[in-house]
1. Can you compute the helix-only [θ] at 222 nm over the chain? Use -39500 (n - 2.57) per DSSP H run of at least 4 residues, normalise by all residues, nearest 500 deg cm²/dmol.
2. In this model, which of 14/44; 125/155; 59/163; 179/216; 55/101 are farther than 22 Å apart at the alpha-carbon?
3. Could you please rank 218, 39, 13, 212, placing first whichever residue has the fewest other Cβ atoms within 10 Å of its Cβ?
4. Less than 11 Å from a label point 7 Å out along the Cα-to-Cβ axis of residue 243: which backbone N atoms in the stretch 1-40 qualify, by residue?
5. Return 5, 33 ranked ascending by Cβ neighbour count within 10 Å, so the fewest neighbours appear first.
6. Report the Stokes-Einstein translational diffusion coefficient (µm² s⁻¹, integer) for the chain, Rh taken as the Kirkwood radius over Cα pairs, at 10 °C with viscosity 1.306 mPa s.
7. Residue-wise, which Karplus ³J(HN,Hα) couplings in Hz belong to the stretch 176-186, taking 6.51 cos²θ - 1.76 cosθ + 1.60, θ = phi - 60°, and x for glycine or proline?
8. So if each residue of separation counts as 0.36 nm, and I subtract the Cα-Cα distance between residue 267 and residue 146, what length gain in nm does that give?
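None of the figures in this text is laboratory data; all of them are computed from the coordinates on show. Not measured: the values here are computed from a predicted model. For neighbour counting, all protein chains shown are included, and Cβ atoms are generated from backbone atoms with ideal geometry for every residue, glycine included.
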Amino acid sequence: MNLPDIIYGTAWKKEATTRLVVEAVRNGFRAIDTACQPKHYDEKRVGDALATLYKEGIKRDELFLQTKFTPLGGQDPNSIPYDKNAPLDQQVLESFEVSKKNLQTEYLDSYVLHSPLFPFSELLKVWQAMESIYRRGEALNLGISNCYDLEVLQKLYEKSSIKPAFVQNRFYADSDYDKKLRTWCEKEHIQYQSFWSLTANPHILADENILKLTLKYKKSEAQIFFNFLHSLNIIPLSGTTSQIHMKEDVAAFDFTLEKSEYQLIENLL
Ligand SMILES: NC(=O)c1ccc[n+]([C@@H]2O[C@H](COP(=O)([O-])OP(=O)(O)OC[C@H]3O[C@@H](n4cnc5c(N)ncnc54)[C@H](OP(=O)(O)O)[C@@H]3O)[C@@H](O)[C@H]2O)c1
């Protein structure tokens, strides 16, 4: 699998979703993250953007498309995209069909469980439904998000037949930046994706060491930080609404800091 450097996030964009996704791809993004969760994402408008981009010559297989199954607890009770009374496995299959239709695609590059369910038996039931989608070839990878408890992740890894390929988590101090979890993920070849990378870390972006690096490399604070995340084998998400930032984000990986400079930033975590 060709992993993207950075993923464009489509949360909270409402009616601007189509325009912003089109702009993101025109500015160089090749990976898109969304969710079948009308409360925060407009998956259908992501699909409309893709239709526009295909007309411009972008091909489906040039894009990495990722969406999520959001369990009932994460849905707006007035706008649930599947039958809330159906058994869990049925909810997943229904939600996936809605996603395919919204995104006008036959397959997803990555299908992510938005957050773990408790008890674990429910999580496993949902995962097994996701595995059936994987086996049909309609999801090329499976992932889990908002999973900060390493034991839960390890149990999922142990009990699943299709192992998680991705973990998508908030990258912030409260979880100690998932240091233990990330070390384990590396060992098991699970790719970590980060959100809140900029918004949760203004203290790092404002650090004088980062400032010095922006001058030395002629890159912005965000570019330095995204580049640093790469050195930790993290794929960041960016949901920027600015075309300048879109261009900056995709140009954040064409340079390499010195080892000691990466270490300086790592010491800030
Ligand atoms: N799995 C989950 O539960 C979950 C939760 C939250 C988010 N996500 C995903 O992650 C995506 C990203 O969300 P996020 O919470 O990390 O925040 P975000 O939506 O990416 O917000 C980043 C903020 O930083 C600013 N910014 C400044 N310079 C920037 C630069 N060079 N590049 C990018 N942003 C820059 C942006 O402002 P400008 O708009 O002015 O650039 C924006 O205010 C979401 O769209 C969603 O797909 C997933």
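1. It comes out at -12500 deg cm²/dmol, rounded to the nearest 500.
2. Beyond 22 Å: 59/163; 179/216.
3. Details: 218 9, 39 16, 13 20, 212 13.
Fewest-to-most Cβ neighbours within 10 Å comes out as 218, 212, 39, 13.
4. Under cut-off, by backbone N: 23-24, 26-27.
5. On the way: 5 20, 33 27.
Going from least to most buried by this count: 5, 33.
6. Approximately 83 µm²/s, per Stokes-Einstein.
7. Working through the residues one at a time gives 6, 6, 6, 4, 5, 4, 5, 4, 5, 4, 4 Hz.
8. Length gained, residue 267 through residue 146: 41.1 nm.
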